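Every number here is computed from the coordinates shown, using simple stated rules; none is lab data. Because the structure is a prediction, the values reported are computed rather than measured. Using ideal geometry, Cβ is built from the backbone for each residue, glycine included, and neighbour counts are taken over all protein chains shown.
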Protein chains: 2
Amino acid sequence: MTTESAFVAALRGLATDPAARGLLDDAAVLEIGGTNLVLSHDMIVEGVHFLADDPPGDVAWKLVAVNLSDLAAKGARPLGVLLGFSLAGEDEWDRAFVDGLRLALAAFDLALLGGDTVSVPKGAPRMLGLTAIGTAERAPSRAGARPGDQLWLSGSIGDAGAGLRILKGESGPPELVERYRQPRPRVELGIALAPLVSAMMDVSDGLLVDASRIADASALALKIELGDVPLSAAFMEMLGEDRGARMFATTAGDDYELLFAADKGRAPELLALAEGIGIPLSRVGRFDPGSGIRLFDGGQEVQLPKRLGYEHFS
Amino acid sequence: MTTESAFVAALRGLATDPAARGLLDDAAVLEIGGTNLVLSHDMIVEGVHFLADDPPGDVAWKLVAVNLSDLAAKGARPLGVLLGFSLAGEDEWDRAFVDGLRLALAAFDLALLGGDTVSVPKGAPRMLGLTAIGTAERAPSRAGARPGDQLWLSGSIGDAGAGLRILKGESGPPELVERYRQPRPRVELGIALAPLVSAMMDVSDGLLVDASRIADASALALKIELGDVPLSAAFMEMLGEDRGARMFATTAGDDYELLFAADKGRAPELLALAEGIGIPLSRVGRFDPGSGIRLFDGGQEVQLPKRLGYEHFS
């Protein structure tokens, strides 16, 4: 057991209010006066979640995007954010960060509501936190998948992971770097999907680990077909589409796509929605009674990789 | 202009939603479905807001208390918190932190709703963030003081500042250290005061700087009488009550008392409330047309200290 999972387990003992959803969901869902408030808080740390030489405007974008992705996974319309910012005393970086924040707030019609700035000792890594608040008609949990449900995925995965490899020296299409640096949370899609799904979350730690979280939370077994996992043209141009490429795509993080379970009968409606909103939706797996996740490639079972993705609390 | 004030000025340009109150208040006040949600986010950093050898349980308490103090200043009843936690890989510290968090949550009947943990590089200072959410019938701003209003203060000030001096080697009563390490946010008092005041905030950066913020936000002049500033018996035992001691008390931070403006006619009601709730309320100043803050001692004007308190955005 890692320190982080032990710590989170200890926190779970404190998070007994139903609004906390056992700290097992993307966001808290708090009912106040008949309104479902959806609240997420994510932090990003220099050297861990972003690189020291990433453009500061992109760091601001990412900080907003990762939180909105959590809200999107609960079908919430975002209203505003509170910012926690560590001032490292580099004016130029800070100014560029504010410019990026302005763009992100405008792009998602978000209010900057408040927050805090703290000065940190020279040399300490930058550490940024954001709380996002939104409202949802109905906030699907991770735990609602039913036997026979299909597992769906929006957009394509692996792009951000490939983009990070480009930043570390490999060559590939620049749009993959953009997918890493400027993720697009699926806000409108999440709102449209919420009434149609039985469980939903966002893919941030890797498809396999996140899919297994839905299966575990729903107390079901899950089969995933690698061949059905949607890859982008840019991804395939860089890394191909063989089993190795698909294994990489399904375990890389930072996708910020939506992953959801839906009754088989919903498929026509979901495909029509995808058409209307202009974001592909792909069926990549199926839930059955039982437990555990199994992986297939062209119908043939393959061994699960040792690491299913990034394990952490969020 | 410091880097921090320049940064906050830039953020203000983005915080155009009325719920943000221009980033000039203790908390955001967002109306959703007829309910006033009050949201605060404060961060504390090792070596800046707490000492590396402070007991971890007290750090947890303080993190909760500083946020609840912001909510109290807006007359809000707190509901829950989201935690941002940096794991430094020291299990014992983390365990003691969780124990302290449990105590604080129980003391204020708060739900732990969610949050995030991040691992930080070895040697980086701990950095903790907390978002608190509550609801208020009416959330007084800092800007509502009127000419002729009296300035009131709850409890006593300077105790935490004196406690910090004890931790740095001076001698004095241990209860002052407790006031520094375990501040008691004035939650019930804030709820009771909200309908009676014209402006309110909490004192966290020093009485003089915080009082000048109410005066500035309300576009009024303010006179403060040093002799009326309430000091505790423990404070006076350690530092006396002469002008120097009072100057120290009014510029030290971490008091987490409530500071408010109220019509002169409210005085009997306020004194009865103080009696009922068991927390003294003292009149320490008066608002008049004009601008700026002036300091008196025994009715005689004295020069303002160079530093009125701690200047930062919160």
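With both partners inside the range B:3-136, how many of the DSSP beta bridges are antiparallel, as a percent to the nearest 5? All intermediate terms of the calculation are to be shown ahead of the outcome.
Working: 22 of 31 bridges.
Counting DSSP beta bridges with both partners in the range B:3-136, the antiparallel share is about 70 percent.
Between the alpha-carbon centers of the range A:107-140 and the range B:278-298, tell me the distance in whole angstrom.
With the range A:107-140 and the range B:278-298 each reduced to a Cα centre, they are spaced 36 Å.
Nearest 20 debye, what's the magnitude of the dipole of the range B:18-69 about its Cα centre given +1 on Lys and Arg Cβ and -1 on Asp and Glu Cβ?
Details: 2 positive and 8 negative charges, 43 e Å.
Dipole about the Cα centre, nearest 20: 200 debye.
With unit charges on the beta carbon (Lys/Arg positive, Asp/Glu negative), name the residue among A:Leu24, A:Thr3, A:Gly47 whose Cα is farthest towards the positive pole of the charge dipole of the range A:3-136.
Going by the Cα projections, it comes out as A:Leu24.
Indicate, rounded to the nearest 5 percent, the antiparallel portion of the DSSP beta bridges found entirely in the range B:150-302.
80
How large is ³J(HN,Hα), in whole Hz, for each residue of the range A:264-269 in order, when computed from phi with the Karplus curve 6.51 cos²θ - 1.76 cosθ + 1.60 and θ = phi - 60°, using x for Gly and Pro?
3, x, 7, 3, x, 4
Mind checking which of B:Pro174, A:Leu112, B:Ala96 is farthest towards the positive end of the protein assembly as shown's charge dipole, using Cβ charges of +1 (Lys, Arg) and -1 (Asp, Glu) about the Cα centre?
A:Leu112
How far, in nm to one decimal, is B:Lys264 from itself in the other copies if the label point is set 7 angstrom along Cα toward Cβ? Shortest first, please.
8.2
Once every DSSP H run of n ≥ 4 in the protein assembly as shown is given -39500 (n - 2.57) and the sum is divided by its residues, what mean residue ellipticity at 222 nm do you get, rounded to the nearest 500 deg cm²/dmol?
Numbers: 20 runs with 214 residues, N = 628.
Calculated from helices alone, the mean residue ellipticity at 222 nm is -10000 deg cm²/dmol.
Within the range A:138-221, report the trypsin sites (Lys or Arg not before Pro) that DSSP leaves as loop and that have at most 16 other Cβ atoms within 10 Å.
Details: sites: A:Arg138, A:Arg142, A:Arg165, A:Lys168, A:Arg179, A:Arg181, A:Arg186, A:Arg213; in loops: A:Arg138, A:Arg142, A:Lys168, A:Arg186.
Passing sites in the range A:138-221 are A:Arg138, A:Lys168.
Assume the label is 7 Å from Cα along Cα to beta carbon: what separations in nm does A:Ala6 have to the matching positions in the other copies?
Once sorted, the set of distances for A:Ala6 reads 4.5 nm.
What's the exposure ranking of A:Lys264, B:Lys62, A:Lys122, going from fewest to most Cβ atoms within 10 Å?
In increasing order of surrounding Cβ atoms, one gets A:Lys122, A:Lys264, B:Lys62.
Which value in Å is the Kirkwood Rh of the protein assembly as shown over different Cα pairs?
It works out to 25.6 Å.
Taking the Cα centre of the range B:221-314 as origin, sum charge times position over the Cβ atoms of Lys and Arg (+1) and Asp and Glu (-1), and report the length of that vector in debye to the nearest 20.
320
Grab the other residues whose beta carbon is less than 12 angstrom from that of A:Asp216, score K and R as +1, D and E as -1, and report the net.
Here the count lands on +1.
Please give the FRET efficiency for B:Ser171 paired with B:Ala272, using the beta carbon to beta carbon distance and R0 = 41 Å, rounded to the nearest 0.05.
Efficiency, rounded to the nearest 0.05: 0.60.
For chain A, state the average projected area of the convex hull of the C-alpha atoms over all orientations, rounded to one decimal in nm².
Mean projected area for chain A: 16.6 nm², to one decimal.
Tell me the chymotrypsin sites (Phe, Trp or Tyr not before Pro) within the range B:252-314 that lie in a loop according to DSSP and have at most 15 other beta-carbon atoms within 10 Å.
Sites meeting the loop and neighbour criteria: B:Tyr310.
For the pair B:Arg146 and B:Glu188, what calculated FRET efficiency results from E = 1/(1 + (r/R0)^6), where r is the Cβ-Cβ distance and R0 = 30 Å, to the nearest 0.05? Spell out each step's value before the answer.
Values: r = 26 Å, r/R0 = 0.86.
E(calc), rounded to 0.05, equals 0.70.
With the label 7 angstrom out along Cα to Cβ, how close does A:Gly34 come to the same site in each of the other copies, in nm, nearest first?
0.6
For the range B:3-136, rounded, prolate or oblate, judged on the Cα gyration tensor with a ≥ b ≥ c (square roots of eigenvalues), a/c < 1.5 rounded, else prolate if a/b > b/c? Mind showing how you got there, number by number?
Values: a/c = 2.30, a/b = 1.38, b/c = 1.67.
Oblate shape, in that a/c is at least 1.5 and b/c is the bigger or equal ratio.
Compute the whole-percent fraction of alpha carbon pairs in the range B:150-302 spaced more than 24 Å apart. Don't skip to the end; give the middle numbers.
Values: 3478 of 11628 pairs.
Roughly 30 percent, once rounded to a whole number.
Quick one: of the DSSP bridges fully inside the protein assembly as shown, what percent are antiparallel, nearest 5?
75
As an exercise, use a Förster radius of 51 Å and the Cβ-Cβ distance of A:Arg294 and A:Asp54 to find the FRET efficiency, rounded to the nearest 0.05. The partial results should precede the final answer.
Numbers: r = 37 Å, r/R0 = 0.72.
FRET efficiency, A:Arg294 to A:Asp54: 0.85.
Put +1 on the Cβ of each Lys and Arg and -1 on the Cβ of each Asp and Glu in the range A:150-302; which of A:Leu151, A:Ala219, A:Ala249 then has its Cα farthest toward the positive end of the dipole?
The residue sitting farthest along the positive end of the dipole is A:Ala219.
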